[in-house]
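Okay, handing you the structure first.
Every number here is computed from the coordinates shown, using simple stated rules; none is lab data. Because the structure is a prediction, the values reported are computed rather than measured. Cβ sites come from the backbone with ideal geometry, for glycine too, and all protein chains shown count toward neighbours.
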Amino acid sequence: MPSKEWNVGRLLELAGGFWQTATLHAAIRLDLFSVIGDEILDASEIAGRLNADIRSQTMLLNALVAMGLLEKKSERFRNTEVSAALLSKDAPGYVGYMISHHHHLVESWHHLDQAVMTGQPVRDPAEISDDDRRENFLMGMFNTAMGNAPKLTAQLKLKGKKFMLDLGGGPGTWAIHFCKNNPELKACVFDRPTTRPFAEKIISQFEMASRVSFQDGDFLKDDIEGKYDAAWLSHILHGEGPQNCRNIISKTVAALEPGGVIMIHDFILNRTMDGPLFPALFSLNMLLGTEDGQAYSEKQLTDMLQEAGVKQIERFPYQGPNDAGVIIGTI
């Protein structure tokens, strides 16, 4: 249960909280933090670089100062340490692509009541094929994984494993870091053909083309070619209903050699499905955009693995951002 005590002030703060969200989204869409970079600029200089109205630009800058995302002194503005590190495209830790992805989700959240009443998604599937939105989603996945993959893949020991399947692996970030932390390992990213250009670009940047390959396919419809001794399923099951999840797991298990390891990485709910907060809200996000997707509990995922013949199932001692967790089993 939430620990905070609700009152009028807190309720109104929550109801209007999207104002700050919209302010951040606007700043990212305008690439304002990159425009400022490591300089100290006045509003007219920033507005000039953006070709924006100075009055409205100044309002946005002042709001970002109030939010703690910019600093202001003598009517001049500069990035904070955090905004320089995370919100400027020049920074290795840039998370703006995922923020832009969230921006594209806002319209569907306006119709949550409709989705709840009908049980049907309200997000237009055609939006997914839009080049800008696909880039934001895939590069957002890359940015997010870059914050977690180096450390987590070092903890998940794959000693003795030779060939790993990264199912629905997007830009291949996890496959790359598993290989970096396991010198004998090679990996294959299995994802849709539209993902290939992004994956090959990232794989090339890390100079991993000799160890990380890409296989075109739809994991709901197509067979998985080859045999593997490890499989990584990161944030793909929540997009599907229970039966499709069972089919995905069974298909993955069929592609594994005896003794192979299957690892599921996702936002994991508790047994009663009413917490933690982010996975519970994420289920609503899946309601808005998919026919049957949802967040799953540890028990639900464990039961699916057992049905597929997986043994020695355990929850790995890891809690990632937004209550992401890892469940591991052996064939």
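I want to verify the translational diffusion coefficient of the range 181-305 in µm²/s; compute it with Stokes-Einstein, Rh as the Kirkwood radius over Cα pairs, at 20 °C and 1.002 mPa s.
For these conditions, the coefficient is 134 µm²/s.
With the cut-off at 31 Å, report for the chain the share of all Cα pairs above it, as a whole percent.
39 percent
For the range 8-91, count all C-alpha to C-alpha pairs, find those more than 22 Å apart, and express that count as a whole percent of the total.
When all Cα pairs of the range 8-91 are counted, 23 percent exceed 22 Å.
A follow-up question, please. Computed on alpha carbon atoms, what radius of gyration and Dmax characterise the range 267-331, expressed in Å?
When restricted to Cα atoms, the range 267-331 yields Rg and Dmax of 12.4, 35 Å.
Set Lys and Arg Cβ to +1 and Asp and Glu Cβ to -1, take the dipole of the range 112-330 about its Cα centre, and tell me which of 312, 283, 203 lies farthest positive.
312
Positive end of the charge dipole of the range 8-91 (Lys, Arg +1 and Asp, Glu -1 on Cβ, about the Cα centre): tell me which of 16, 46, 35 has its Cα farthest that way.
The one lying farthest along the dipole's positive direction is 16.
Using Cα springs under 10 Å in a Gaussian network model of the chain, which residue among 15, 26, 66 shows the largest mean-square fluctuation?
15
Continuing with the same structure: Among 251/299; 89/159; 201/299, which pairs are too far apart, with a Cα-Cα distance over 29 Å?
89/159; 201/299
Hey, got the dipole for the chain? About the Cα centre, +1 on K and R Cβ, -1 on D and E Cβ, debye to the nearest 20?
Roughly 880 debye, rounded to the nearest 20.
Given Cβ point charges of +1 (Lys, Arg) and -1 (Asp, Glu) and nothing else, what value in debye, to the nearest 20, does the dipole of the range 46-198 about its Cα centre take?
I would put it at about 820 debye.
What residue among 135, 307, 75 shows peak mean-square fluctuation when the chain is described by a Gaussian network model with Cα springs under 10 Å?
75
What net charge do the residues around residue 77 carry, taking every other residue with its C-beta under 13 Å from that of residue 77, with Lys and Arg at +1 and Asp and Glu at -1?
So the environment of residue 77 carries a net charge of -1.
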